[in-house]
Structure formats: C-alpha cells, structure tokens
Amino acid sequence: MRIDAVTLFPEWVDQLEQFGVVGRGLREQRLTLATWNPRDHAVRADRRIDDRPYGGGPGMVMQATPLSTTLAAIRRDRGDDGAPVVLMSPAGERFDHAWASRLAASPGFVVVCGRYEGIDQRFVDSEVDIELSIGDYVLSGGELPAMTVIDAVARLQTGVLGDARSAAEDSFAVSGLDHPHYTRPPVIDGPQGQVPDVLLSGDHAAIARWREKRALGLTWLRRPGLLAELALSERQVGLLQEFIAEQDAD
Ligand code: 58G
C-alpha cells in the first residue's frame, strides 16, 4: 500500500517511519509513505500558501492552487491509480475501525493535512473524495489526525500485526473491545495482585473462552452501543450471559 501525505510539516509525518509497527511496515516495504510540502508548489515568490479570508475575519486560509498543484504531482507519481483523496477535518465523517479496514483493503490514499483556519472550499469541492474526523475536537492542524489514520490503517496490513494475530481477529472486528492482558510476575502485592488462574492453567480452550467472555463483558459494560452493532453468535450470547450473571453475583 502507498500513502501520500500533503503537509506543511513533512519532517514530522516522516517520523512515523522510525517507530513501532508502522515504522517496521515501512522499512519492510509493505507500506510506502511519501510526504509532500505544498510550499514547494507555492505560486508566490515568498513561498507562502496562505491568504486572508474573503469576507474578513481572523486567521488565514490555505490557498487552493498550491494544493491542487501538489496533488497533480502526486497523481503523476502514483500513475493515476484512482487512490482517494482524504481530508482530515472536524467536519468529516467519524474515522472508526470500519474506515480503517476499508482503507487497509485499498491500494492506498492521499491524505491532506490542513492548517490555519481552513482550506479554500474550491479545493475541497473539486479534489477531495472523503472528509474524515478522528473526533469532536479542533486541532491546530490535520497532521496528528492523519498520523492517527495512517497508524490505524498500517497496523491492519498483513504482516504488520504479529503473525499469530490476523487483522480479522483484531479488537472491534469480532467482539468489540479487547480482553484484559497480564504478564509476569504472577503475583503483585495488593488485593488485585493475582493473575486470573485460568491464564496460568495451560488449558488453551479455557483461556480462549475466558478471553472472549471478558472481551464481550467489557464491551457490554463500557460500549453498549458498539455491542448492539455486533452480530453475536449464539455461543457469544451465552458467554455474555455468563459474564452478566457473574457480575450480578459480585
Ligand atoms: C476545513 C476546516 C479543512 C482534523 C479546517 C481543514 C483537523 C481536528 C481534526 C481545516 C483539524 C479531527 C484546520 C486545522 C483542520 C483544518 C485542521 N482538527 N477532529 N484541524 O479529525
């Protein structure tokens, strides 16, 4: 998969290459990330790509032309593969696991990071295919949202997750939230210091059952709306009923 990012801070977005599973995916060439600075396509001699808003008001607006010229260069480089242009914006559709899966299954995308008060709407109208938001808050630029999307999509690429764990088994796809995790030591001082016995039992079927029950239970407790959207099997409904009965007993 190839991802192109349009940003006034390419060195920042390029940092993704250095860390974690995204960095590994990039280094092992399952993933290509190219950054593009619209300043390199500025029309003005001073390399500025912002101007004052028509109609007045505070702040500056990103000009359409340097962004369109940057996109044209990206399309030439990608060879017109029909990759969608994504704009990170608080006005966008909520970015969620379904969006991450959809983008992970595509040959890639171009993500545009806005700055200032916004982008000339004519660029949005003529060039942007999808507007995405990572949540209901405004940030000073689209870079952190874009890096969030890139991370979520990159870790779903085959080979980026550990071999033992496919994207299809990943949290949200099957049972909503993930089950709790434990590692050594087996006992830490305090009332909740014991690792649940089943995880030390070596009984893999019992462990899988416990994990799925806890995952469903946590989703029921914390994210009932998400639970309602899952197509639970009869077996999963049974596990959840067991979890609820155990909760009521406590
Ligand atoms: C229109 C208006 C286009 C995304 C503003 C672009 C971006 C939060 C999110 C902008 C963002 C989010 C200006 C700065 C958007 C730009 C950018 N803040 N919730 N800030 O995903």
Highest average packing first - 64-71, 175-182, Cβ atoms within 10 Å: 64-71, 175-182
- prompt: Stokes-Einstein D for region 1-145 at 25 °C, 0.890 mPa s, Kirkwood Rh over Cα pairs, in µm²/s?
  reply: 155
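Just to confirm, what accessible area per residue do you get for the chain at 1.4 Å probe, in whole Å²? Walk me through the numbers before you get to the answer.
Details: 14320 Å² over 250 residues.
Ligands and nucleic acids excluded, the result is 57 Å² per residue.
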- prompt: What are the ³J(HN,Hα) values, in whole Hz, obtained from phi via the Karplus relation 6.51 cos²θ - 1.76 cosθ + 1.60 with θ = phi - 60°, for each residue of region 46-56 in sequence order, with x given for Gly and Pro?
  reply: 7, 6, 6, 10, 10, 8, 6, x, 4, x, x
query: For Thr35, which sequence-distant residues (separation of 5 or more, or a different chain) have an amide H within less than 5 Å of its own amide H, given hydrogens modelled in the peptide plane?
result: Ala5
query: With a ≥ b ≥ c the root eigenvalues of the C-alpha gyration tensor of region 35-97, is it rounded (a/c under 1.5), prolate (a/b larger than b/c) or oblate?
result: oblate
field: Rounded to the nearest 20 debye, dipole of region 1-94 from Cβ charges on Lys, Arg, Asp, Glu
entry: 20
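Please give the FRET efficiency for Asp81 paired with Glu242, using the beta carbon to beta carbon distance and R0 = 45 Å, rounded to the nearest 0.05. Before the final figure, lay out the partial values.
Values: r = 49 Å, r/R0 = 1.08.
Computed FRET efficiency for Asp81 and Glu242 comes out at 0.40.
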- prompt: How large is ³J(HN,Hα), in whole Hz, for each residue of region 120-131 in order, when computed from phi with the Karplus curve 6.51 cos²θ - 1.76 cosθ + 1.60 and θ = phi - 60°, using x for Gly and Pro?
  reply: 3, 4, 5, 5, 4, 5, 8, 10, 8, 8, 9, 9
query: Of the accessible area of the chain, with the probe set at 1.4 angstrom, what percent is carbon plus sulfur?
result: 51
statement: Farthest towards the positive end of the dipole of the chain, among Leu71, Ala249, Leu177 and with Cβ unit charges of +1 on Lys and Arg and -1 on Asp and Glu, lies the Cα of Leu71
query: Full extension from Thr32 to Glu11: what is 0.36 nm times the residue separation minus their Cα-Cα distance, to one decimal in nm?
result: 6.0 nm
- request: Would you work out the relative contact order for the chain, in percent, from Cα pairs under 8 angstrom that are 6 or more residues apart?
  value: 17
- request: Taking H placed 1.01 Å from N in the peptide plane, check which residues at least 5 places from Gly118 or on another chain put their amide H under 5 Å from its amide H.
  value: Met62
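Students often check this: by mean Cβ neighbours within 10 Å, which of 10-16, 215-221, 242-248 ranks highest, and how do the rest follow?
On the way: 10-16: 16.7, 215-221: 20.7, 242-248: 12.3.
Top to bottom by mean Cβ count within 10 Å: 215-221, 10-16, 242-248.
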query: Looking only at Glu131, Glu117, Glu234, which one moves most when the chain is put into a Gaussian network model with springs between Cα atoms under 10 Å?
result: Glu234
message: Please identify the DSSP H helices in the chain that span no less than 30 Å along the helix axis (Cα) and have a mean Kyte-Doolittle hydropathy of 1.6 or more.
response: none
message: Counting C-alpha atoms alone, how compact is the chain: give Rg to one decimal and Dmax as a whole number, in angstrom.
response: 22.7, 73
query: Once amide H atoms are built 1.01 Å from N in the peptide plane, which residues 5 or more positions from Gly108, or in another chain, come under 5 Å H to H?
result: Arg2
message: Test of understanding: in a Gaussian network model of the chain with alpha carbons linked when under 10 Å, which of Pro58, Pro224, Pro145 would top the mean-square fluctuation ranking?
response: Pro58
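The values are calculated or read from the model by the stated rules, or taken from the named source; none is laboratory data. Quick caveat, the model's predicted, so the values are computed rather than measured. For neighbour counting, all protein chains shown are included, and Cβ atoms are generated from backbone atoms with ideal geometry for every residue, glycine included. What goes into the accessible areas is simple: the full protein's heavy atoms, side chains included, and nothing from ligands, DNA or RNA. Shrake-Rupley method; radii C 1.70, N 1.55, O 1.52, S 1.80 Å.
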